[in-house]
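Novice: Have a look at this one.
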Amino acid sequence: MSVLIDKFDVFAGGFWLTLQICVLAAIGALIVGAVVAVLRISPVPPLRALGTAYVNVFRNMPLTVVMFFAAFGLPALGSNADFLRVPGLDAVFSRLDTDLPYFRFALIALTLYTAAFVCEALRSGVNAVPAGQAEAARSLGLTFGQNLRYVVMPQSWKASVVPLGSVIIAMIKNSALVGFFGVVGDLSQTADQLTSAEGYAFIPVAIGISIGYLIMTVPLGAFLDRVEKRQAVAR
């Protein structure tokens, strides 16, 4: 078990990089998922079809396949992933002090995959809002966008918090795959380095990696339990 002390800096670096990936992917998934959720409930049939197709494709595709296409398919579209460089975000990525472009590829894969589940969590919250609320808003002359912004979405968020939290927890655990697709230094790649390259025993290393993921998921799970209990009392 001395590896946990001798290589603490390595574990800490892997935890920090994994945390960066999870936070950025969660933000991206919430944004993309919200947009897709709006498409899913849009009154325009082509937009509904587009949102439905997105959810069906990514929700039924293994994350490993999405990661594979992101890591090996996207580089074929442009040298050094120049097409992924977004003004304003380059400064953010440079502060993260991490390898590019695979860090970006991992974010794209996690974001697109998780957004499908975020969409369905948000849509379940929208379905929990009484239909009379939306009908009353329409009778007042509110447009579809105004109805969503002022009536439906503010109420649906309350019902969506717990499902969204579960999606984010699943995404944190799914992030263990990024180390096998080119991202250097995350928790999963750290485990491979310590066991394969440096010859440390697997079980102590696995315990250290597990502690890192538990630090990220257990507090979020406790928060969701608290929110769920409050909602139960309110009902």
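The values are calculated or read from the model by the stated rules, or taken from the named source; none is laboratory data. Fair warning: this is a prediction, and the values are worked out from it, not measured in the lab. Positions of Cβ are backbone-derived with ideal geometry, glycine not excepted, and every protein chain shown enters the neighbour counts. Ligands, DNA and RNA are stripped out before the accessible areas are found, and what is left, the full protein with its side chains, is counted by its heavy atoms. Shrake-Rupley method; radii C 1.70, N 1.55, O 1.52, S 1.80 Å.
Novice: Could you tally the net charge around Tyr200, taking each other residue with its Cβ under 12 Å from the Cβ of Tyr200, Lys/Arg +1 and Asp/Glu -1?
Specialist: Around Tyr200, the surrounding residues sum to -2.
Novice: What is the sum of charges around Leu39, taking Lys and Arg as +1, Asp and Glu as -1, for the other residues whose C-beta is under 14 Å from the C-beta of Leu39?
Specialist: The answer is +2.
Novice: Where does each of Ser160, Ser166 land when they are ordered by accessible area, with a 1.4 Å probe and the largest first?
Specialist: Result of the area sort, largest leading: Ser166, Ser160.
Novice: Ignoring ligands, DNA and RNA, please state the percent of accessible area on segment 98-192 from carbon and sulfur, probe 1.4 Å.
Specialist: Solvent-exposed carbon and sulfur of segment 98-192 make up 60 percent of the total.
Novice: What does the accessible area per residue of segment 126-216 come to in Å², with a 1.4 Å probe and no ligands, DNA or RNA counted?
Specialist: Ligands and nucleic acids excluded, the figure is 51 Å² per residue.
Novice: Still on this structure, please answer the following. Please report the accessible area of Cys119 (heavy atoms, 1.4 Å probe, ligands and nucleic acids excluded) in Å², nearest 10.
Specialist: Here the accessible area works out near 0 Å².
Novice: If I ignore ligands, DNA and RNA and count only protein heavy atoms, how much of Lys158 is accessible to a 1.4 Å probe, in Å² to the nearest 10?
Specialist: Here the residue's solvent-accessible area equals roughly 150 Å².
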